[in-house]
Amino acid sequence: MQDLAQEVKRLEPRIIEIRRTIHQNPELAHHEVATARLVAKELRSLGIEVKTGVGGTGVVGLLRSGKNGKVVALRADMDALPLQEEVDLEFKSKRKGVMHACGHDTHVAMLLGAAALLAKHRKQLGGDVKFLFQPAEESGGNGGAKPMIDEGAMENPRVDYVFGLHIAADMPSGVYGVRGGPFMAKPDAFKIRVIGRGGHGSAPHRAIDPVYIAAQVTIALQGLSGRMVNPIRPFVISVCSVHGGTKNNIIPDEVVLEGTIRTFEKNTRSKAIADMRRVVASTCEAYGGSCVIDFQKDTYPVVYNDEKVTERVAKTLRRIPRMKTIRADPRMGAEDFSRFQQKAPGTFYYLGTGNTSKGCDSPNHSSKFKVDEDVLKYGTLSLASLALEFAN
Ligand SMILES: [Zn+2]
Ligand SMILES: [Zn+2]
């Protein structure tokens with residue numbers, strides 16, 4: 001561990017340089033062309049076998065050890081968000097309205113750093129290491145993990161363990177956040193068309209007002225979390241978009257509500273969805289309206305950290321100097337890292353980057369999101385350490 005910690009310090013300037021290049025040239029989900037090119041070039045320069053165009057813009061690197069121990073996969077996502085950056089950095093995004101506000105630029109840079117470390121320590125590896133650079137984590141049910149898996153990213157050689165990390169602005173710099181079991185939620189996106197009958201704003205009695213009904217529906221849905229779902233089972237329902245109407249005195253024909261449900265368990269989820277359908281339909285009916293409810297199909301599974309593997313992960317991370325490993329809370333956010341975990345056991349963990357003294361205190365997905373770059377080497381060190389530990 002000590003020599004790895006020394007070496008990562010030498011690599012640090014390069015990791016930061018790569019991160020800044022990607023940060024300055026962010027690419028949206030499914031369009032990570034230049035990022036993928038940079039990744040492939042960097043991997044090749046390290047003597048790592050590279051496959052490009054895997055599941056779209058995905059890149060798979062394979063570092064062969066020449067031994068037949070376990071195969072470890074390390075994953076980073078590459079996409080940015082549709083957001084105008086509001087931080088004045090010397091390497092501020094050059095693309096208007098596109099920003100790496102979730103830290104995926106750092107994920108790519110840290111994983112390339114780990115590839116460099118591991119390539120140098122190839123002889124110490126007991127098995128092969130795969131590097132999965134995936135497109136489009138941010139694209140909802142349409143994420144890049146599934147097409148990569150469908151195109152064989154977890155086979156040849158078959159992956160035994162998979163690991164990934166995420167930068168977390170709400171955890172302090174110098175901390176790894178780890179936890180076994182369910183770690184991130186399953187998201188279900190919904191769309192409700194509340195159908196009424198339009199008319200004049202001065203005569204609501206001659207119309208069926210979908211604006212009023214949609215407001216009732218929005219409030220009624222919160223009764224699910226308060227009154228219908230077992231309070232010890234994690235559950236969130238949020239209506240996040242309301243659209244309807246054209247003018248102050250026209251009652252529209254319909255209003256469209258969109259939102260998301262988050263759950264960890266099958267039973268909680270199916271009961272919540274059944275409750276929701278009933279509450280929405282009966283609320284609409286009570287006021288003379290009707291509705292159509294649609295759920296997005298095939299959404300991300302729960303991020304589930306294998307308990308035994310995660311215990312070993314925590315033990316490994318605790319050996320890293322100057323870092324603290326804490327038990328992180330589960331989150332209601334979602335991640336398609338879970339798709340890789342359905343093919344091989346593994347762990348998703350957080351790397352804290354919150355640092356008020358450096359102005360790194362805005363949350364992920366904020367236009368003011370800023371990363372404490374001093375933590376990047378520790379991300380690299382953690383990924384490389386896990387590969388060495390689990391391949392042997
Ligand atoms: Zn994100
Ligand atoms: Zn993210």
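How big is D, in µm² s⁻¹, for the stretch 137-270 by Stokes-Einstein at 4 °C and 1.567 mPa s if Rh is the Kirkwood radius over C-alpha pairs?
It diffuses with D of about 68 µm²/s by this estimate.
Please list 277-285, 364-372, 91-99 highest first by mean number of surrounding beta-carbon atoms within 10 Å per residue.
Numbers: 277-285: 16.9, 364-372: 18.7, 91-99: 15.3.
Peptide ranking by packing, descending: 364-372, 277-285, 91-99.
Would you please give the FRET efficiency between Asp88 and Arg14, computed as 1/(1 + (r/R0)^6) with r the Cβ-Cβ distance and R0 = 25 Å, to the nearest 0.05?
0.55
What pairs from Lys146/Lys343; Lys315/Lys377; Lys51/Lys123; Lys67/Lys130; Lys186/Lys315; Lys130/Lys343 go past 21 Å between their alpha carbons?
Lys51/Lys123; Lys186/Lys315
I'd like to know how the chain sits against the 2.2 N^0.38 Å rule of thumb: what's its Cα Rg over that expected value?
Normalised by 2.2 N^0.38 Å, the Cα Rg of the chain equals 1.10.
Which values of log₁₀ I(q)/I(0), to two decimal places, follow from the Debye formula for the stretch 35-170 at q = 0.16 Å⁻¹ with a uniform point scatterer at every Cα?
-0.82
With a ≥ b ≥ c the root eigenvalues of the C-alpha gyration tensor of the stretch 260-361, is it rounded (a/c under 1.5), prolate (a/b larger than b/c) or oblate?
Because a/c hits 1.5 or more and a/b exceeds b/c, the stretch 260-361 counts as prolate.
In what sequence do Asp188, Asp275 fall when counting other Cβ within 10 Å, fewest first?
So the ranking, lowest neighbour count to highest, is Asp275, Asp188.
Calculate for the chain the 222 nm mean residue ellipticity that helices alone would give, adding -39,500 (n - 2.57) per DSSP H run of length 4 or more and normalising by residue count, nearest 500 deg cm²/dmol.
-10500 deg cm²/dmol
Compute the length gained on full extension between Arg327 and Asp294: take 0.36 nm times their separation in residues and subtract their Cα-Cα distance, giving the result in nm to one decimal. Can you show the working numbers first?
Details: separation 33, 0.36 × 33 = 11.88 nm, distance 3.68 nm.
My answer for the length gained is 8.2 nm.
For the pair Lys41/Lys96, report the inter-label distance in nm, with labels modelled 7 Å from Cα in the Cβ direction.
2.7
Using a basic spin-label model with each label point 7 Å from the Cα along Cα→Cβ, how many nm lie between Tyr287 and Asn248?
Simple spin-label model gives 2.1 nm for this pair.
Quick note: the coordinates plus some simple rules give every number you see, no bench work behind them. Keep in mind the model is a prediction, meaning the values are calculated, not measured. Neighbour counts are summed over all protein chains in view; Cβ atoms, including those assigned to glycine, are modelled from backbone coordinates with ideal geometry.
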